[in-house]
Structure formats: C-alpha cells, structure tokens
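What follows is calculated from the coordinates using simple rules that are stated; it is not laboratory data. Everything quoted here is computed from the prediction, not taken from an experiment. Here the Cβ positions follow ideal geometry from the backbone for every residue, glycine too, while neighbour counts run over all protein chains shown.
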C-alpha cells in the first residue's frame, strides 16, 4: 500500500533530514518529502506542513486533506487567494508554545525595565556605562493586548516576579489577578494604566496596523512596547518616530511585516529597540512533529481537529 505523502516547507531543504528523522519515529506510515521534490505526484499528497507556501500551490494538490501551519501564525498561508478553504488549516499549538511565549514576554519586560539594549550596545563598544534603572517589577504595570492561551501564560509569569498585569481583548476574559478591559470603549483606559504594552492579538482585519500613531499617542509618555503578535499589526515607521521623540522609552519587536527584516532597515540600529527574529514561541521540530503526528492520527480516525483557522473570524 502506498504511503500518504506529507510535503514540508519549513526551515528550508536543509532541515528535511531532521523533519524526516522525527516523523520516521512518530508517524512511520507517512512518506515525508520536501516541498519542491519533483518526483512527488501531486495527487498523492494528503498533508502539508508549511510556513509560507507560494500562492496557488496548495490549490494544485487535488487530494489534500489537512494543511498544518508550522508556526502559531498562519497569515502567509491564509492570504493565498487560491487557498482551498474547504481543507482544514490547523495552527501550530504545541503544549510548550505558551510556556515559551510567557518566557519571552517576561524576558522582554525585564529587558525594557533593566536597559538591556543599552547594556548590549555598551558591551559591543567595550564601554563601561554605569547607570541605575529606576523601576522594579513591583512598580510596573504590564498591559497585555490579547488574553488568550498565550496571553494568560505570560500574565501568570509576569505576576510571579511582581509585575501588575492588566489585559485588553475583544471580549471579556477571566485571568486570576488580571483586570480585564474590553473592546474599543475601554482601550484608552487600558493604555493609560500600562507602563509596558504587550501585543499578543490575532491577525484580523480589525487588528491590522493597530500599533500605529493613534494607539501610540494614547500610551503613557515614556511607556514601552513589545510586539509578539503579527508584523502586519505594527507600523514600524510610527514606532521608530515614537522612540525618537521619547513618547516610547523602548521597544522589543519579534515580528515584522517583511521577514526576514532587511539588513539595511533602520530598526536594526535603533538604540532603543531590541529586534529578535520571530522566535518568541517557536517550538523545536521534534515538538512540532509530535503535534502533527498526533493530529494526523486523530484525523485518520475521523475526529475533528482542534486549533483550526476560521476564515471568517481571521484566526
């Protein structure tokens, strides 16, 4: 019997031996092949694991049953105008993703609090730069935009080291110890209380470009920003202008509308900005393979798949 084919486009062709090694252990009944393997019959492909497939390609796989995103965000997949919308699109939601996101957000908040960008620049220049950070976690309120699974995990970790945490979301959320602000009517009050604003919102038409001048103007003078949501949600030129003017005291950005961020982009060199390469919550390949293998087995049993993308809601 011919094995069903799983095509992989994540991490480049050089990553394929690792993907294949893990799948061989956890899903030996799959034929795991590289995305551009010319020997693969498109009609044999039942599953794909992809990050940024070229538009139109998924629509040319006539027997495709499930599309697995290799990251939590599926923007690059869902934006394909020819995407076969009847095929379930499953977001990567491994058990360790929320833990990693919480760790990253906590690191980012502490980095802003303790002047990590300034420290790194001084070390690179071999310059002894003594200064005294004024605030501690117990003096600081972190406002999280998006109190879902990952936002809740981040809130608990931040609370654990003394930060006061508040949240803003489209609908009311209940996270122990976190005051919830809801919808546009309460956003101003949320921003006015936040010393550090963290964006963990999903990518929807409503959140596109939300981190731009109108929102930044509503923040406290000297507040800081962390974006671990989506690159499409920020207007980087507005963020850089707010950093230059002092409206923002600092920022940590993990996502960008153009990725990789071009080497000539001014964000790389800005003295108040920490740039990371979309790595906030990315699980190792072994963990992602375990997740995909488990869901393929569930699909083969006829079970409904969790964490499927809703095209109407946009997440």
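Return the percentage of antiparallel bridges among DSSP beta bridges fully within region 82-186, rounded to the nearest 5 %.
Roughly 10 percent of the DSSP beta bridges within region 82-186 come out antiparallel.
Give the order of 196, 166 when sorted by the count of other beta carbons within 10 angstrom, beginning with the fewest.
Going from sparsest to densest Cβ surroundings: 166, 196.
Taking every DSSP beta bridge with both residues inside the chain, roughly what % is antiparallel (nearest 5)?
Here the share of antiparallel DSSP bridges comes out near 5 percent.
Quick one: check the C-alpha center-to-center distance for region 28-48 versus region 59-75, whole angstrom.
So the separation of the two Cα centres works out to 13 Å.
Could you please rank 193, 101, placing first whichever residue has the fewest other Cβ atoms within 10 Å of its Cβ?
So the residues, fewest neighbours to most, are 193, 101.
Report the equivalent ellipsoid semi-axes for region 97-275 in whole Å, largest first, defined as the square roots of five times the eigenvalues of the gyration tensor built from alpha carbon atoms.
Here the semi-axes work out to 24, 19, 15 Å.
With springs only between Cα atoms under 10 Å apart, run a GNM on the chain and tell me which of 11, 73, 302 wobbles the most.
Ranking 11, 73, 302 by mean-square fluctuation puts 302 first.
Relative to the longest principal axis of the C-alpha atoms of the chain, give the angle of the C-alpha long axis of helix 16-26, reported between 0 and 90° and rounded to the nearest 10°.
Roughly 70 degrees between the two axes.
Please report 272, 294 as a ranked list, fewest other C-beta atoms within 10 angstrom at the top and most at the bottom.
In increasing order of surrounding Cβ atoms, one gets 294, 272.
Determine the distance separating the Cα centre of region 205-247 from the Cα centre of region 113-155; give it in Å without decimals.
Rounded to whole Å, the Cα centres lie 17 Å apart.
Most fluctuating residue of 117, 21, 127 in a GNM of the chain with Cα springs under 10 Å: which is it?
127
Under the classification rounded if a/c is under 1.5, otherwise prolate if a/b is larger than b/c and oblate if not, where does region 16-98 fall, given a ≥ b ≥ c as square roots of the Cα gyration tensor eigenvalues?
Because a/c hits 1.5 or more and a/b fails to exceed b/c, region 16-98 counts as oblate.
Please give the length that would be gained between residue 119 and residue 60 if that part of the chain were fully extended, namely 0.36 nm times their separation in residues minus their C-alpha to C-alpha distance (nm, one decimal).
Extra length available between residue 119 and residue 60 comes to 16.2 nm.
Divide, for the chain, the radius of gyration over alpha carbons by 2.2 N^0.38 Å, where N is the residue count.
1.08
Which of 161, 144, 77 ends up with the largest GNM mean-square fluctuation for the chain, with Cα atoms connected below 10 Å?
Fluctuation is largest for 161.
Could you tell me how many degrees, from 0 to 90 and to the nearest 10, lie between the Cα long axis of helix 285-300 and the main elongation axis, the longest principal axis, of the Cα atoms of the chain?
The answer is roughly 50 degrees.
Which angle from 0 to 90°, rounded to the nearest 10, does the C-alpha axis of helix 149-160 make with the longest principal axis of the chain?
Tilt relative to the chain: about 40 degrees.
With n ≥ 4 as the cut-off for DSSP H runs, can you work out [θ] at 222 nm for the chain, using -39500 (n - 2.57) per run divided by the number of residues, rounded to the nearest 500?
It comes out at -9000 deg cm²/dmol, rounded to the nearest 500.
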